[in-house]
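To start, the structure under review is shown below, and the notes come after it.
Each reported figure results from applying straightforward, stated rules to the coordinates on display, with no laboratory input. Predicted, not measured: the structure shown is a model, and the values here were computed from it. Glycine also receives a Cβ, built like all others from the backbone with ideal geometry; neighbour counts cover every protein chain displayed.
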Amino acid sequence: MKDYIDEQTALLKTRIRNSPVLLLISGGVDSTTTGALLLKILSGDQIHLMYMDTGLMRKNETDAVCENLKKLGAKNVHIIECEDDFLPALKGVTDPEEKRRIIGDMYITVQHREVARLKLPEDYFLAQGSIRPDFLESGQRDGGKTSIIKSHHNVASPLVIAKREAGKLVEPLADLYKNDVRDLGRFLGIDEEIINRHPFPGPGIAVRILGEVTKEKCGILREADAIFTEELKRRRGKSGKTLYDEIWQAFAVLLPIRSVGVAGDERKYGYVLALRAINSTDAMTAGVYPFKTRDLLEISTRITNSVKEIGRITYDISGKPPATIEWE
Ligand code: XMP
């Protein structure tokens, strides 16, 4: 990791010099580590960290991200509240790739608008925390021969392509897999809480709400997902670690169907929620996490007791392949 940092230091210092760099922060380990690396190598004054609250984030995420950025010593932090841009744009949209495209484009629209407000010079560098699997799964490497499994907006967007062509795109983690990024982040002094945070897709919970994304559904999923995560953090597995730390990625998915249930004497049609928990090393393949039945039952009960709109919970027992980790 020290060699990697030395290598990046030489590369980035020569390439960027005193130009401003705009880093889009998602709050995950990839972009936070990119931020920490840039802050280590370049001057805090030239680095602008922009975080967009799209309304598609996890519960309390924006507050946590703000705190983290301050801890990293960032000077120019721009928090953009833009739920009102994203949710209307997603109205009526059910196709997963269409959702990703809309979200990716909206990112760029909002980014343009907000960058204009920053009054950075035209030739600013754009940095992002793309890692190796992002390229492999987006068909960007090997002359685009890899088949496109899912279009990751952070790689395929027009502005990113333009910046790449202009030689103004900075992706210092592009050769790393997730676990390398964690090692690097640790080496740079980032908190374990952030380092061990499960991966989260760029399009956020939009790809975990199957079918149309609405504000109401975002609220329901966020609440259920927060309870799931909280339970995983307070329960311990066989290794003695928390379930959250034993599991590579876990999250809840809101399905676009309602299922019958009972509430007192009445029949009630509640949402169906799927819980997903997988183990993986690089997200290319994944195995289902073998929960103890009691953990699943208790977690499920707590979610249905707390989130009244959810009437039924199911556990996804599909590996990758044939399934993917996310449902969309
Ligand atoms: P899949 O679902 O393809 O996911 O097995 C592999 C890993 O990638 C994450 N993922 C995404 N990340 N934009 C991202 O930045 C996306 O559109 C996207 N789709 C999936 C997923 O959470 C998993 O860790």
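Brief remarks on what is shown
- Amide H contacts for Arg236 (H built 1.01 Å from N in the peptide plane; partners 5 or more residues away or on another chain; cut-off under 5 Å): Leu243.
- For the chain, built as a Gaussian network whose Cα springs stay under 10 Å, the top-fluctuating residue of Lys59, Lys308, Lys178: Lys308
- Per-selection metrics, region 209-328 (Cα): Rg and Dmax in Å: 14.7, 48
- Degrees separating the helix 61-71 axis from the principal Cα axis of the chain, which is the longest one: 40 degrees
- Taking amide H as placed 1.01 Å from N in the peptide plane, the amide H of Asn76 sits under 5 Å from that of Leu49, each at least 5 places away or on another chain.
- Percentage, to the nearest whole number, of Cα pairs in region 45-107 over 19 Å apart: 42 percent
- Solvent-free Debye scattering, log10 I(q)/I(0), computed from the Cα coordinates of region 289-328 at q = 0.24, 0.27 Å⁻¹: -0.88, -0.93
- Degrees between helix 178-187 axis and first principal axis of the chain (Cα, 0 to 90, nearest 10): 60 degrees
- Cβ charges +1 (Lys, Arg) and -1 (Asp, Glu), total dipole of the chain, debye: 420 debye
- Here, the chain is characterised by an Rg to Rh ratio of 0.97, where Rg is the alpha-carbon radius of gyration and Rh the Kirkwood radius.
- Judged by the mean number of other Cβ atoms found within 10 Å, the most tightly packed of the peptides 312-320, 207-215, 264-272 leads the ranking 207-215, 312-320, 264-272.
- Unit charges at the beta carbon, dipole of region 197-319: most positive-side option, Phe291, His198, Gly319: Phe291
- Across region 125-134, coupling constants 3J(HN,Hα) worked out from phi with the 6.51/-1.76/1.60 Karplus curve, θ = phi - 60°, read 8, 10, 10, 8, x, 5, 10, 3, x, 4 Hz, and Gly and Pro carry x.
- Selected from His112, His48, His78 as most flexible by GNM, with the chain as the system and alpha-carbon contacts under 10 Å: His112
- Ordering 256-262, 181-187 by mean Cβ neighbour count within 10 Å, with the highest value first, yields 181-187, 256-262.
- Rounded tilt (10° steps) of 293-306 against the dominant C-alpha axis of the chain: 90 degrees
- Of all DSSP bridge pairs formed entirely within the chain, close to 40 percent run antiparallel.
- Nonlocal amide H pairs with Ala127, under 5 Å, H built at 1.01 Å: Leu22, Leu23, Leu24, Val170
- Computed FRET value (nearest 0.05) for Glu122 with Ala10, which takes r as the C-beta separation and R₀ as 25 Å: 0.45
- Region 26-105-region 243-305 distance, computed between alpha-carbon centres (Å): 26 Å
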